[in-house]
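The values are calculated or read from the model by the stated rules, or taken from the named source; none is laboratory data. Bear in mind the structure is a predicted one, so any value in this text is a computation, not a measurement. Every residue, glycine as well, gets a Cβ built from its backbone with ideal geometry; the counts of neighbours run over all protein chains shown.
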């Protein structure tokens with residue numbers, strides 16, 4: 001079930017929104033002035049101090065030490081007694097790490113039956129059975145030592161008109177690939193780069209090394225090749241240095257562009273779309289507008305057997321019990337909890353770090369007090385469908401339906417994991433305003449509030465803030481998102497693509513030698 005009480009969602013006349021009948025707080029839809037009279041769920045309240053838009057206001061007396069509820073869930077304990085009408089935030093709400101009696105699935109949930117009429121989109125059929133929504137040549141650096149040359153290769157095509165059907169030549173520079181220990185960190189980098197090289201939105205690729213780094217290009221060639229055709233490996237040391245490598249790579253790329261130009265979009269079943277779900281620069285409206293709307297779109301994808309993939313392990317903390325309850329079977333639930341535990345162990349390596357280091361200052365300014373409150377809103381992106389699959393960072397996504405991937409909350413690294421796993425479209429919700437994209441995957445931006453949408457309209461594709469304005473519904477915006485996913489998969493350009501955003505950051509987890 002949704003955490004939102006649909007009957008409580010705002011109309012244009014509401015100044016504050018009680019999201020669930022069990023809540024002892026409401027969320028300010030607009031800034032509330034001291035002395036302002038509110039009517040929330042039939043109760044009259046006088047605002048005792050100014051409350052910024054998106055922040056919480058008490059609607060019932062809350063004793064010191066009593067739990068505070070949002071979405072019908074505990075988000076912390078009152079540090080002091082709080083009277084109705086008082087602003088609730090970091091000054092009077094304490095974070096508390098919760099423990100849960102998890103409700104594991106009693107029996108395995110079957111996969112849903114395919115719909116009688118499958119929607120379609122226009123995409124590129126790939127040899128491994130997946131579908132591309134774009135058609136790029138990718139130049140992937142094996143290490144930081146090859147990153148500059150990879151960028152030079154891609155830049156050499158910046159003023160070259162591409163034939164119809166070819167989206168361009170893009171570089172994947174990064175700061176990793178050497179001074180790694182041989183083990184989990186190198187394995188994860190190799191899995192990530194292999195996923196980029198074999199991505200369905202990539203028609204041809206080069207793996208470019210220096211020649212002496214830890215991450216040798218041989219890992220991606222021969223029997224280890226992530227793709228069976230249109231992959232070439234080269235090193236600067238064997239090819240003659242930077243300029244010679246650019247010239248050598250261009251000969252290969254020019255041949256590939258001709259071949260890619262011969263490929264055409266064809267009508268394909270929409271269950272070949274794999275959608276990454278991400279949020280960043282979140283605010284309190286994220287869990288009220290854009291995230292639930294994206295969750296509705298995720299449910300629509302699940303109904304047709306398309307994959308939608310929730311990420312950011314740091315942003316399910318405190319809400320993981322809701323995903324456990326929705327898991328397809330006990331094994332899926334246990335793997336999810338295993339990633340939460342391993343992330344806690346990971347953070348303990350760094351003195352003073354905890355999940356509650358997230359939310360960021362911007363998140364807090366937007367009304368999110370602690371990680372539990374943020375997570376409860378973040379998981380709404382996954383809708384209400386059964387959790388069918390749990391994946392490690394950059395693992396190949398199989399589907400069908402709703403999945404979860406273990407990634408950091410740091411947006412560039414999270415998007416990189418989702419893309420490497422095979423997401424051919426990503427939908428990204430933001431309340432503060434994030435301008436991120438990805439080199440080969442279209443990223444659809446959803447604004448959580450109308451104020452930010454108007455300020456950053458050049459970066460935003462859909463305004464879910466209309467829900468908080470009382471001008472649209474969660475289901476209506478969710479349908480808009482779903483429809484746009486199909487159009488973008490068929491070639492419609494997103495704002496992030498038009499602006500040239502190409503952020504790529506592999507997750508570095510280990511020591512530096």
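Set side by side, the residues 32, 4 differ, and just one is surrounded by 18 or more Cβ atoms within 10 Å (Cβ to Cβ) and modelled with pLDDT under 85, which is 4. Only a single item in (1) surrounded by 15 or more Cβ atoms within 10 Å (Cβ to Cβ); (2) in contact (Cβ under 8 Å) with a residue 60 or more places away in the chain; (3) not in a strand (DSSP E or B) is not met by residue 150, and it is number (2).
Within region 89-99, if we keep just the residues that are at pLDDT below 90 and more than 25 Å from the chain's Cα centre (by Cα), the residue that is farthest from residue 335 (Cα to Cα) turns out to be 96.
Matching residues to (1) in contact with a strand residue (DSSP E or B) (Cβ under 6 Å, 6 or more places away or on another chain); (2) surrounded by fewer than 22 Cβ atoms within 10 Å (Cβ to Cβ); (3) in a loop (DSSP other than H, G, I, E, B):
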position	(1), (2), (3)
295	no, no, no
318	no, no, yes
334	no, yes, no
350	no, yes, yes
359	no, no, yes
367	no, no, yes
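Within the option set 420, 472, being out of contact with any strand residue (DSSP E or B) (no Cβ under 8 Å at 6 or more places or on another chain) and in contact (Cβ under 8 Å) with a residue 24 or more places away in the chain holds for one residue only, 420. Candidates are the residues of region 216-235 that are part of a loop (DSSP other than H, G, I, E, B) and in contact with a helix residue (DSSP H, G or I) (Cβ under 8 Å, 6 or more places away or on another chain); the one that is surrounded by the most Cβ atoms within 10 Å (Cβ to Cβ) is 226. For region 434-450, filtered to residues that are surrounded by fewer than 24 Cβ atoms within 10 Å (Cβ to Cβ) and touching a helix residue (DSSP H, G or I) at 6+ places or on another chain (Cβ under 6 Å), the residue that is farthest from residue 276 (Cα to Cα) is 450. For residue 76, the criteria (1) on the phi < 0 side of the Ramachandran plot; (2) surrounded by 15 or more Cβ atoms within 10 Å (Cβ to Cβ); (3) touching a residue at least 24 places away in the same chain (Cβ under 8 Å); (4) touching a strand residue (DSSP E or B) at 6+ places or on another chain (Cβ under 9 Å) hold in every case but one, which is (1). Of all the numbered requirements in (1) in contact with a strand residue (DSSP E or B) (Cβ under 6 Å, 6 or more places away or on another chain); (2) outside any helix (DSSP H, G or I), residue 158 misses one, and that requirement is (1). Could you please let me know if residue 470 is modelled with pLDDT of 95 or more, at positive phi, more than 15 Å from the chain's Cα centre (by Cα) and assigned to a loop (DSSP other than H, G, I, E, B)? Criteria not met by residue 470. Among the residues that make up region 225-242, is at least one of them more than 31 Å from the chain's Cα centre (by Cα) and at pLDDT below 95? Scanning region 225-242 turns up no residue that is more than 31 Å from the chain's Cα centre (by Cα) and at pLDDT below 95.
Is it the case that residue 385 is part of a loop (DSSP other than H, G, I, E, B) and in contact (Cβ under 8 Å) with a residue 60 or more places away in the chain? Answer is yes for this residue.
Looking for something in a loop (DSSP other than H, G, I, E, B) and in the same structural domain as residue 368 (by TED's automatic domain parsing) - is there at least one such residue anywhere in region 479-489? No, region 479-489 contains no residue that is in a loop (DSSP other than H, G, I, E, B) and in the same structural domain as residue 368 (by TED's automatic domain parsing). Picking from 286, 308, which residue would you name as being in contact with a helix residue (DSSP H, G or I) (Cβ under 6 Å, 6 or more places away or on another chain), assigned by TED's automatic domain parsing to the domain that holds residue 365, crowded, with 24+ Cβ neighbours inside 10 Å and under 29 Å from residue 114 (Cα atoms)? Of 286, 308, the one residue that is in contact with a helix residue (DSSP H, G or I) (Cβ under 6 Å, 6 or more places away or on another chain), assigned by TED's automatic domain parsing to the domain that holds residue 365, crowded, with 24+ Cβ neighbours inside 10 Å and under 29 Å from residue 114 (Cα atoms) is 308. Take the conditions (1) surrounded by 20 or more Cβ atoms within 10 Å (Cβ to Cβ); (2) in contact with a helix residue (DSSP H, G or I) (Cβ under 6 Å, 6 or more places away or on another chain); (3) over 29 Å from residue 265 (Cβ atoms); residue 211 misses just one of them, which is (1). Counting only residues that are in contact with a strand residue (DSSP E or B) (Cβ under 9 Å, 6 or more places away or on another chain), in contact (Cβ under 8 Å) with a residue 60 or more places away in the chain and either in the same structural domain as residue 364 (by TED's automatic domain parsing) or surrounded by fewer than 18 Cβ atoms within 10 Å (Cβ to Cβ) (or both), how many does region 48-73 have? The total comes to 1. Do we find that residue 323 is part of a helix (DSSP H, G or I) and under 17 Å from the mean Cα position of the chain (by Cα) in this structure? So residue 323 fits the description; yes. Scan region 178-214 for residues that are out of contact with any strand residue (DSSP E or B) (no Cβ under 7 Å at 6 or more places or on another chain) and either in a loop (DSSP other than H, G, I, E, B) or outside the structural domain of residue 246 (by TED's automatic domain parsing) (or both) and the total you get is 11.
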